[in-house]
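Enquirer: Quick one: the structure is below, and I'll ask about it shortly.
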Amino acid sequence: MLKQLIYISLISWLLAACNNLEQTVTPDLNQVEAKIVIEGLITNELKAQKVIVSKTAGFYTTGATEKVSNADVIVEDNDGNLFTFEESEETPGLYTAEFAGEVGKIYSLTVNVDGEFYEASEEMFRVTTIDSLTWEIDEDEKNDLEEDDDDSGEFYDVLLFTKEPPETEDYYLFKFYRNGEIDNEDNQEVYYSDDAILDEAIEGLEAVSFYALNDSITVEAYSITRQAYLFYSDMQLLLDNDGGIYGPIPANLRNNLSNDALGYFQVSAVDRESIIVGK
């Protein structure tokens, strides 16, 4: 009997100890000070060139990221021309200046936020001209839709034709639009390439989706630097990371901004072509 009492007392003590171990633990995620994020794009088109300044958000923060107002934003080219950006009254953190960039010039960005300076510099390279867009019926996709009783009519390919000069090392960013809206298949965020992938002649490069009759399709090609190419490559790698044990460790994207800022200051020549499917 004594042995049984000791045994029961021991079990009771262990259960009590386990119960005392059960408590809610809030992990310390080692919150760090917010960083400045700068997103800029200068092109060779006469329009309002844009720079967006914001801050990173904490892990527990919800909603839109904080935009930075009252920053001083200036772009200067290598000929000494200064472009002062003004903040939008309707959109805090958005700074614009109207001018057209020129191929061959270097553009330097300076952003002053409360006495802290962030800088970047990039050259504008020429972009290959899109010769034409055409459309054709994709018979396999059409048959698949008929088998699935899908009457969307989205079985048209849009094909891009252009020439890529072999004497230079070039990098490109592509954007696709369907009826005025950005078209990203399977939530793909960026489409970028170097000329080794594109080859000298692009004869029928397919756009990102299948389309229906009367869809209006626009393809934009942007010249980018090798540094921008690496930035978008890092971005795609991060977006494709499923968090598995064999995936890469998340890290900040390689960029061209100083003072530990995040984002990218992109300088690009751009060419675009549009087509209406079926016409």
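The values are calculated or read from the model by the stated rules, or taken from the named source; none is laboratory data. This structure is a prediction, so every number in the text was calculated from the model and none was measured. Every residue, glycine among them, receives a Cβ derived from its backbone with ideal geometry; neighbour counts consider all protein chains shown. For accessibility, only protein heavy atoms count, side chains too; no ligands or nucleic acids. Shrake-Rupley method; radii C 1.70, N 1.55, O 1.52, S 1.80 Å.
Rundown of residues vs (1) open to solvent by 80 Å² or more (accessible area, probe 1.4 Å); (2) polar (S, T, N, Q); (3) part of a helix (DSSP H, G or I); (4) modelled with pLDDT of 95 or more, yes/no style:
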| residue | (1), (2), (3), (4) |
| --- | --- |
| Y232 | no, no, yes, no |
| M235 | no, no, yes, no |
| I249 | yes, no, no, no |
| L253 | no, no, no, no |
| F265 | no, no, no, yes |
| D271 | no, no, no, yes |
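Enquirer: Further, regarding this structure: Residues in the stretch 62-69: is at least one more than 28 Å from A221 (Cβ to Cβ), at pLDDT 95 or above and more than 21 Å from the chain's Cα centre (by Cα)?
Expert: For the stretch 62-69, residues more than 28 Å from A221 (Cβ to Cβ), at pLDDT 95 or above and more than 21 Å from the chain's Cα centre (by Cα): present.
Enquirer: Sticking with this structure for a sec: For Y95, which of the numbered conditions (1) part of a helix (DSSP H, G or I); (2) surrounded by 15 or more Cβ atoms within 10 Å (Cβ to Cβ) fails to hold?
Expert: Y95 satisfies every listed condition except (1).
Enquirer: Further question on the same structure: Are any residues in the stretch 105-138 aromatic (F, W, Y), open to solvent by 60 Å² or more (accessible area, probe 1.4 Å) and either closer than 17 Å to A261 by Cβ or part of a strand (DSSP E or B) (or both), and if so, which ones?
Expert: Residues satisfying the conditions are F117, W135.
Enquirer: Could you tell me whether any residue of the stretch 176-196 is part of a strand (DSSP E or B), open to solvent by 50 Å² or more (accessible area, probe 1.4 Å), aromatic (F, W, Y) and at pLDDT below 90?
Expert: yes
Enquirer: Of the conditions (1) open to solvent by less than 40 Å² (accessible area, probe 1.4 Å); (2) more than 18 Å from D215 (Cβ to Cβ), L159 satisfies every one except a single condition; which number is it?
Expert: Tallying (1) open to solvent by less than 40 Å² (accessible area, probe 1.4 Å); (2) more than 18 Å from D215 (Cβ to Cβ), L159 fails exactly one: (2).
Enquirer: Scan the stretch 49-58 and give yes if some residue there is open to solvent by less than 70 Å² (accessible area, probe 1.4 Å), closer than 21 Å to V267 by Cβ and in a loop (DSSP other than H, G, I, E, B), otherwise no.
Expert: The first filter runs over the stretch 49-58 and keeps only residues open to solvent by less than 70 Å² (accessible area, probe 1.4 Å), leaving 49, 51-58.
Going one step further and asking which of them are closer than 21 Å to V267 by Cβ, we end up with 49, 51-54.
Those still in the list that are in a loop (DSSP other than H, G, I, E, B) too: none.
No, because not a single residue in the stretch 49-58 is open to solvent by less than 70 Å² (accessible area, probe 1.4 Å), closer than 21 Å to V267 by Cβ and in a loop (DSSP other than H, G, I, E, B).
Enquirer: Looking at (1) free of Cβ contacts under 8 Å to residues at least 24 places away in the same chain; (2) at negative phi, which is the one condition that is false for D114?
Expert: Just one mismatch for D114, condition (2).
Enquirer: Answer yes or no as to whether E146 is at pLDDT below 90 and not polar (S, T, N, Q).
Expert: no
Enquirer: Still on this model: Is it fair to say L173 is buried (at least 17 other Cβ atoms within 10 Å of the Cβ), at negative phi and at pLDDT below 95? Reasoning before the result, please.
Expert: Numbers: buried (at least 17 other Cβ atoms within 10 Å of the Cβ): yes; at negative phi: yes; at pLDDT below 95: yes.
So L173 passes the test.
Enquirer: Just to be sure before I move on: is I74 touching a strand residue (DSSP E or B) at 6+ places or on another chain (Cβ under 6 Å) and open to solvent by 40 Å² or more (accessible area, probe 1.4 Å) in the structure I sent?
Expert: yes
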